[in-house]
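Here's the structure we're looking at; comments come further down.
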Amino acid sequence: MENIKEKFEFEVSSEYEGMRLDKYLSEQIEEATRSYLEKLIDNNFVKVNSKIINKNGRKLKLGEKIEVLIPEEENIDIEAENIPLDVVYENDDFIVINKNYGMVVHPAYGNYTGTLVNALLYYTKNLSSVNGNIRPGIIHRLDKDTSGLILIAKNNFAHAKLASMFIDKTIHKTYLCIVKGNFSEENLSGRIENLIGRDIKDRKKMAVVKENGKIAISNYKVIEQVEGYSLVEVAIETGRTHQIRVHMKSINHVILGDSVYGTEDKNVKRQMLHAYKLEFLNPLDNKEYVFKGKLFDDFIEVAKKLKFNIEKYLNK
């Protein structure tokens, strides 16, 4: 048996009853390609109710328990790819990239092309190696369909310093999002502090939990409101998976376009969430840095259709 790198466990809920096994897994493990998951099924890495299943089209039943084993993959060479990057700033120690939506940050689970790492390998030979050849330079991540600023380390010394700053909460990250619903006068700003962990009903999701979670803190401020929608700024003190998306849902203001935590919006391609600002005092040169990542056209278009005064906000 090959060495196992990771294991996923799921229980089929009512919304997935009757779905094909391969399609179900592609929805639950978003970072994996469909072909990679089909290969896992073909090679005995997937069990349903403790029994190995080799049929990709096997229809699932309510309550069935699924186990997926992810084997170690050795000697993977990640190719450099000429993918355009929006470089906001660069020095000898780090790069600040304004990542577009639709781009995965680093390769994983059979998805080894088209990622930010592939683009970075083409752009520069100077990337930290702390996280190996799969995640060179990567200190933190953004979801595939979240756009905005991401900090990349160019050497191991800088990586260690910057990574420790994320842990110490001395790198300040601010996001801009469009959410559904309007806030009352007394709730135009607030602090959300709770535990976030895996949703026990759907392992694809995160959720606010009472135990076995990690502390998550978000501070929000409503910038502008139109009928049925609000433009909100969110500064996070922690960086949990899907943190802002989960926190906005927890106060009944799902992010527009977030089909995982809300409903699918036909006229919106992705969740309207953008990592807008990065601020920190750099211990490497003792300088204060403030970076702003411009909004991408799709975000601006949606904001304008909803009649938000987006230019006024960006030019403040």
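The values are calculated or read from the model by the stated rules, or taken from the named source; none is laboratory data. Here the structure is a predicted model, which means the values were calculated and not measured. Because the Cβ atoms are built from the backbone with ideal geometry, glycine has one as well, and the counts that use them run over all protein chains shown.
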Unmet criterion (only one of (1) in a helix (DSSP H, G or I); (2) at pLDDT 90 or above) for Met103: (1)
Inter-residue pairs, beta-carbon under 7 Å, first in contact (Cβ under 8 Å) with a residue 12 or more places away in the chain and in region 280-293, second surrounded by fewer than 10 Cβ atoms within 10 Å (Cβ to Cβ), 6+ apart: Leu281/Glu288
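Take the residues in region 14-56 that are under 12 Å from Lys204 (Cα atoms) and part of a loop (DSSP other than H, G, I, E, B), then tell me which one is modelled with the highest pLDDT. Don't jump to the end; show me each part of the working.
At the first step, the residues of region 14-56 found to be under 12 Å from Lys204 (Cα atoms) are 24-31.
If we keep only those that are part of a loop (DSSP other than H, G, I, E, B) as well, we get 29-31.
Numbers: Ile29: 84, Glu30: 75, Glu31: 74.
Among them, the one singled out is Ile29.
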In region 107-127, the residues that are under 25 Å from Leu295 (Cβ atoms), within 17 Å of the chain's Cα centre (by Cα) and buried (at least 21 other Cβ atoms within 10 Å of the Cβ): Thr115, Leu116, Val117
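Here's the yes/no breakdown for (1) surrounded by fewer than 17 Cβ atoms within 10 Å (Cβ to Cβ); (2) more than 27 Å from Glu11 (Cβ to Cβ); (3) free of Cβ contacts under 8 Å to residues at least 60 places away in the same chain:
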position	(1), (2), (3)
Asn182	yes, yes, yes
Glu193	yes, yes, yes
Asp202	no, no, no
Lys205	no, no, yes
Glu211	yes, no, yes
Gln243	no, no, yes
Ser259	yes, no, yes
Thr263	yes, no, yes
Qualifying residues in region 245-257 (those that are under 18 Å from the mean Cα position of the chain (by Cα) and assigned to a loop (DSSP other than H, G, I, E, B)) - the one surrounded by the fewest Cβ atoms within 10 Å (Cβ to Cβ): Val254
Index of the failed condition, Ala158 passing every other in (1) closer than 25 Å to Leu295 by Cα; (2) in a helix (DSSP H, G or I): (1)
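Within region 44-94, restricting attention to residues that are among the acidic types (Asp, Glu) and touching a strand residue (DSSP E or B) at 6+ places or on another chain (Cβ under 9 Å), which residue is surrounded by the fewest Cβ atoms within 10 Å (Cβ to Cβ)? Give the steps one after another, and end with the answer.
Initial filter on region 44-94 (among the acidic types (Asp, Glu)): 64, 67, 72-74, 77, 79, 81, 86, 90, 92-93.
Next, from what is left, pick out any that are touching a strand residue (DSSP E or B) at 6+ places or on another chain (Cβ under 9 Å): 64, 67, 72-73, 86, 90, 93.
Values: Glu64: 16, Glu67: 16, Glu72: 9, Glu73: 13, Asp86: 14, Glu90: 15, Asp93: 19.
By that ranking, first place goes to Glu72.
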Among the candidates Asn100, Asn82, Asn111, residue that is within 24 Å of Lys173 (Cβ to Cβ) and either in contact (Cβ under 8 Å) with a residue 24 or more places away in the chain or charged (D, E, K, R) (or both): Asn100
